[in-house]
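Visitor: The structure's right below; bear with me while I get my questions together.
The values are calculated or read from the model by the stated rules, or taken from the named source; none is laboratory data. Everything quoted here is computed from the prediction, not taken from an experiment. A quick note on method: Cβ atoms are made from the backbone with ideal geometry, for glycine too, and the neighbour counts reach across all protein chains shown. Ligands, DNA and RNA are stripped out before the accessible areas are found, and what is left, the full protein with its side chains, is counted by its heavy atoms. Shrake-Rupley method; radii C 1.70, N 1.55, O 1.52, S 1.80 Å.
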Amino acid sequence: MSKDLREFLPEEIASLMKSLGEPAFRAGQIFGWLQKEGVASYQEMSNVPAALRQKLEQEYPLIRPRLLRRQESSDGTKKYLFSLADGQAIEAVLMSHREETGHIRRTFCLSSQAGCPMGCVFCATGSLGLQRNLSTGEMVSQVLEVAAIEKKNIHNLVYMGMGEPLLNMEAVLKSIRLLNHAQGQKIGIRRITLSTCGLPEQIRRLADEGLDLVLAVSLHGPDDETRSRLMPVNNRYPLKELLAACRYYTETSRRRITFEYIMIKDLNIGEQAAAKLGKLLSGIPCNINLIPVNPGPHGFVRPGRQEQLRFCQALEQAGLAAVIREERGADIDGACGQLAGKAAAEAETGEL
Ligand code: SAH
Ligand code: SF4
């Protein structure tokens with residue numbers, strides 16, 4: 001069992017309390033301090049006896065990522081670089097946007113792995129290779145630390161930072177359970193988006209979990225040839241297999257899928273691409289998020305605004321629901337090439 005109390009569910013803290021001879025109600029208190037208040041130390045747990053606080057501090061020291069850098073974009077998007085206990089560096093991004101109701105909503109983009117093994121050619125994280133999976137505690141901690149730094153609530157969560165979440169599924173699902181918990185951050189399950197490069201077996205398993213979250217699948221190509229050029233995963237799991245798993249997901253969960261599609265000049269957009277996508281996705285309840293590619297060493301160029309709009313319209317004509325995501329934090333994009341350019345409002349709830 002882990003020694004990181006930030007990854008303990010209330011029932012796990014309860015059995016720890018029992019083994020320490022503590023009354024059952026302590027579990028709820030401690031869970032609240034950790035997951036709701038996001039305390040930086042056991043000393044802040046004012047209704048917990050000093051002797052117990054000291055014992056926990058010795059045997060279950062709070063593991064906190066260290067903030068190395070915080071950058072703020074002119075549009076208010078904030079990017080954080082954290083160092084983990086073993087020195088691995090990971091990134092996270094906080095975006096704010098105003099909803100139609102006028103309320104400010106904050107969307108937090110977190111990492112699930114240090115690096116990523118999938119090697120997508122347009123992606124800065126991919127070029128790092130996989131360093132390691134993050135633990136549940138390391139994922140939850142990104143949210144707790146940023147909520148504490150900004151003294152703000154986080155409303156939407158997107159697993160769109162570094163890494164492929166479905167390669168770290170157990171830890172990711174537990175972090176979702178914790179962050180969704182009513183006595184913790186209480187982030188609505190329909191406001192949590194998990195983004196995958198498209199691993200069919202894991203997509204089916206996720207469907208069988210019956211969680212009501214939003215699944216986003218990175219598509220990026222209208223046919224196997226184009227997609228394989230961009231995403232090596234497509235050689236292993238071509239579109240036919242991926243889309244069969246997506247169909248299974250929508251049928252089992254009764255939820256739409258969000259397809260993410262980066263727009264690259266002269267490569268994956270245009271009328272032909274739109275027509276192919278129309279055929280490919282016909283019958284799959286879905287939304288398409290179009291994202292102009294972030295520039296980087298890969299050398300891909302983003303299409304001009306008019307071209308983006310034409311592609312979006314062509315998709316609509318092909319019977320697909322597509323939107324262009326506004327770009328966020330472009331001026332702090334630097335090192336990452338991926339995180340900061342992401343859209344804010346990923347937490348589509350799109351029912352069937
Ligand atoms: N591994 C998962 C989630 C992390 S990547 C996945 O691939 O879906 C999150 C999103 O950022 C993906 O849609 C990914 O394709 C996109 N992305 C990566 N590099 C990008 C770039 N240079 N420009 C725009 N989007 C990018
Ligand atoms: Fe990994 Fe996603 Fe980047 Fe591909 S796009 S390399 S799957 S993080």
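Visitor: By per-residue mean of other Cβ atoms within 10 Å, what is the highest-first order of 51-60, 187-196?
Guide: Details: 51-60: 13.7, 187-196: 20.1.
Final packing ranking: 187-196, 51-60.
Visitor: Could I ask something else about it? Pop the C-beta distance of residue 121 and residue 50 into the FRET formula with R0 = 56 Å and round what comes out to the nearest 0.05. Before the final figure, lay out the partial values.
Guide: On the way: r = 55 Å, r/R0 = 0.99.
It comes to 0.50.
Visitor: How far apart, in nm, are two points set 7 Å out from the Cα along the Cα-to-Cβ line at residue 271 and at residue 307?
Guide: 1.7
Visitor: Okay, next question. Relative contact order for the range 5-59: what is it in percent, counting Cα pairs under 8 Å that are at least 6 residues apart? It would help to have the intermediate numbers written out before the result.
Guide: Details: 36 pairs, mean separation 14.4, N = 55.
It comes to 26 percent, rounded to a whole number.
Visitor: Counting alpha carbon pairs within less than 8 Å and at least 6 residues apart, what relative contact order, in whole percent, applies to the chain? Each step should come with its number before you reach the end.
Guide: Values: 696 pairs, mean separation 52.8, N = 352.
Result for the chain is 15 percent.
Visitor: So, one more: How much FRET efficiency would the formula 1/(1 + (r/R0)^6) give for residue 67 and residue 282, where r is the Cβ-Cβ distance and R0 is 45 Å, rounded to 0.05?
Guide: Details: r = 46 Å, r/R0 = 1.03.
In this case the efficiency is close to 0.45.
Visitor: I'd like the distance between the alpha-carbon centres of the range 26-57 and the range 255-295, rounded to an integer number of Å.
Guide: Answer, in whole Å: 47.
Visitor: Report the extension gain between residue 208 and residue 40 in nm, rounded to one decimal, defined as 0.36 nm multiplied by the number of residues separating them, less their alpha carbon distance.
Guide: Numbers: separation 168, 0.36 × 168 = 60.48 nm, distance 3.64 nm.
The residue 208-residue 40 span can extend by a further 56.8 nm.
Visitor: With +1 on the Cβ of every Lys and Arg and -1 on the Cβ of every Asp and Glu, and nothing else charged, how large is the dipole of the chain about its Cα centre, in debye rounded to the nearest 20?
Guide: Numbers: 43 positive and 41 negative charges, 58 e Å.
Magnitude of the dipole: close to 280 debye.
Visitor: On C-alpha positions alone, give me the angle between the axis of helix 305-317 and the longest principal axis of the chain, in degrees, nearest 10.
Guide: The angle comes out near 80 degrees.
Visitor: Against the longest alpha carbon principal axis of the chain, how many degrees, from 0 to 90 and to the nearest 10, is the axis of helix 271-280 turned?
Guide: 60
Visitor: How far apart, in nm, are two points set 7 Å out from the Cα along the Cα-to-Cβ line at residue 86 and at residue 236?
Guide: So the label points at residue 86 and residue 236 sit 2.0 nm apart.
Visitor: Once you list every other residue whose beta carbon is under 11 Å from the beta carbon of residue 52, what net charge do they have if Lys and Arg are +1 and Asp and Glu are -1?
Guide: Residues close to residue 52 contribute a combined charge of 0.
Visitor: So, one more: Could you tally the net charge around residue 74, taking each other residue with its Cβ under 11 Å from the Cβ of residue 74, Lys/Arg +1 and Asp/Glu -1?
Guide: -2
Visitor: Longer than 30 Å from Cα to Cα, which of 3/151; 18/78; 3/152; 151/174; 79/265; 79/276 are they? Say none if no pair is. Don't skip to the answer; put the middle values down first.
Guide: On the way: 3/151 27 Å; 18/78 41 Å; 3/152 28 Å; 151/174 24 Å; 79/265 27 Å; 79/276 36 Å.
Violating the 30 Å Cα-Cα cut-off are 18/78; 79/276.
Visitor: Roughly what would the spin-label model give for residue 24 and residue 101, points 7 Å off Cα along C-beta, in nm?
Guide: 3.5
Visitor: Dipole magnitude of the range 5-59 about its Cα centre, charges +1 at Lys/Arg Cβ and -1 at Asp/Glu Cβ only, in debye to the nearest 20?
Guide: Working: 6 positive and 8 negative charges, 25 e Å.
Charge dipole, the range 5-59, about its Cα centre: 120 debye, nearest 20.
Visitor: With unit charges on the beta carbons (Lys and Arg positive, Asp and Glu negative) and the dipole taken about the Cα centre of the chain, which residue among 62, 160, 52 sits farthest to the positive side?
Guide: Sorting the options by dipole projection puts first 52.
Visitor: State the answer as a single residue: which of 217, 142, 123 lies farthest towards the positive end of the charge dipole of the range 74-225, with beta carbon charges of +1 for Lys and Arg and -1 for Asp and Glu, about the Cα centre.
Guide: It is 142.
Visitor: To continue, here is another question. Counting only other residues whose beta carbon sits under 13 Å from that of residue 233, what net charge do I get with K and R as +1, D and E as -1?
Guide: Values: positive: 227, 229, 236; negative: 164, 201, 224, 241.
Around residue 233, the surrounding residues sum to -1.
Visitor: By how many degrees, 0 to 90 and rounded to 10, does the Cα axis of helix 10-19 deviate from the longest principal axis of the chain?
Guide: Result, in degrees: 30.
Visitor: Where only protein heavy atoms count, and the probe is 1.4 Å, what is the accessible area per residue for the chain in Å²? If you can, show how the numbers build up before the last one.
Guide: Values: 15060 Å² over 352 residues.
On a per-residue basis, 43 Å².
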